[in-house]
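Everything below concerns the one structure shown next.
What follows draws every value from the coordinates through simple rules; no lab data is involved. Bear in mind the structure is a predicted one, so any value in this text is a computation, not a measurement. Every residue, glycine as well, gets a Cβ built from its backbone with ideal geometry; the counts of neighbours run over all protein chains shown.
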Amino acid sequence: MVDNRLLKLMSPGLYRKLEPHLTQVALKQGAILNRPGEVVKTVYFPTSCLLSITLTTVEGTTAEVGLVGKFGMLGINACMGYRTATQTEYVVQIPGSAISLEADLLRQEFQTSAELRDITLCYAQAFIAQLSQTTACNRLHSLEQRFARWLLEAQSRIESKQLSLTHSFIADMLGVRRAGVTQAAQKLQERGIIQYRYGNLQILDLAGLELVACECFHVVETERERLFEILKTSL
């Protein structure tokens, strides 16, 4: 079975039913998978890529509102109404592979399979917890803490300490100026926690990064694992 947590939670019977419709795709950095106002036609289960859900204001400022990796799926709102559109944009943050599935097929199975509903709604609850914690974090914690938290989230979701990222891209995701990200990155590099060069960021000291970050990363991780554990015992 492919390396995605939600797909792994499925019973052999449910997975076999969906398997003929699952397609492995390679996603390039910066690719836009869905634009604001567009109907969600495809959902993605990341296996090695990192996908961002972003929102752009009328002034043109962009910020990340959600982050999806191998623990989840992108396009869950396809199950929340008939041919549901979204006001957000889906963009590939870190390139890699994912498993795609037509949204209509997911929606049909969601309506008839109690197991798929349980898995999808469990993930929706975990994702809402992530959104809630991130909202509080962006309001209450310093840029350095938020930057460290974001790096931990990215590392956890692709299980790699090597991240292909630019300061401009990270600034957009955090909703801050590029200069602020550059300063935060320099501080972490001076402390030997990360190494950044030409758009490639490597985490050298994961424990040190956790000390810099706020508690939000572990709060989200703990809540997700709690919900998934409850789900596993109920399936």
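Under 21 Å of direct C-alpha separation, and excluding same-chain neighbours fewer than eight residues apart, Lys187 reaches these lysines: Lys161.
One quarter of the convex hull surface built on the alpha carbon atoms of the chain amounts to 12.4 nm², the projected area averaged over directions.
Shown here for segment 32-77: GluC sites (Glu not before Pro) in loop regions (DSSP other than H, G, I, E, B) with at most 14 other Cβ atoms within 10 Å, namely Glu38, Glu59. The fewest-to-most ranking of Ser142, Ser48 by surrounding Cβ atoms within 10 Å reads Ser142, Ser48. For the pair Asn200 and Lys28, label points projected 7 Å from Cα toward Cβ lie 2.0 nm apart.
Put in line by how crowded their Cβ is, counting other Cβ atoms within 10 Å and starting with the fewest, Leu121, Leu33 read Leu121, Leu33.
With each label modelled as a point 7 angstrom along the Cα→C-beta vector, the Arg139-His21 pair spans 3.9 nm. Less than 5 angstrom separates the built amide H of Thr42 from those of Ala103, all sequence-distant by 5 or more or on a different chain. When a/c is below 1.5 the answer is rounded, else prolate if a/b is larger than b/c, else oblate, so apply that to segment 1-114 with a ≥ b ≥ c taken from the square roots of the Cα gyration tensor eigenvalues. Note, shape of segment 1-114 comes out oblate. Roughly how big is segment 139-216's charge dipole about its Cα centre, with Cβ charges of +1 (Lys, Arg) and -1 (Asp, Glu), in debye to the nearest 20? In total the dipole reaches around 240 debye. I'd like the orientation of helix 216-234 relative to the chain: the angle between its Cα long axis and the longest Cα principal axis, in ° from 0 to 90, rounded to 10. Here the helix axis deviates by roughly 20 degrees. Charge dipole (Cα centre; +1 on Lys/Arg Cβ, -1 on Asp/Glu Cβ; no other charges) of segment 1-109 amounts to roughly 300 debye.
Estimated from helices alone, the mean residue ellipticity of the chain at 222 nm is -15000 deg cm²/dmol (sum of -39500 (n - 2.57) over DSSP H runs with n ≥ 4, per residue).
From the square roots a ≥ b ≥ c of the eigenvalues of the alpha-carbon gyration tensor of segment 69-109, which class results: rounded (a/c under 1.5), prolate (a/b over b/c), or oblate? Verdict is oblate for segment 69-109. In order along segment 182-196, the phi-based Karplus estimate (6.51 cos²θ - 1.76 cosθ + 1.60, θ = phi - 60°) of 3J(HN,Hα) comes to 4, 5, 5, 5, 4, 4, 5, 5, 5, 8, x, 8, 9, 10, 10 Hz; Gly and Pro are listed as x. So what's the projected area for segment 139-216, the Cα convex hull averaged over all directions, in nm²? Answer in nm², one decimal: 4.6. Using R0 = 30 Å, the C-beta based FRET efficiency linking Val39 and Ser168 works out to 0.50. Computed from Cα positions, the angle between helix 103-112 and the longest principal axis of the chain comes to roughly 60 degrees. Considering only Thr56, Val39, Leu74, the residue lying farthest towards the positive end of the dipole of segment 1-109 is Leu74, judged by Cα position with unit charges set on Cβ. Here the chain is assigned +1 on the Cβ of each Lys and Arg and -1 on the Cβ of each Asp and Glu. Its dipole about the Cα centre then comes out at about 220 debye. Helix 143-158 and the long axis of the chain differ in direction by around 40°, with both axes built from C-alpha atoms. Measuring against 27 Å, Cα to Cα, the residue pairs Lys28/Lys232; Lys41/Lys232; Lys70/Lys232 contain Lys28/Lys232; Lys41/Lys232 as the ones spanning a longer distance.
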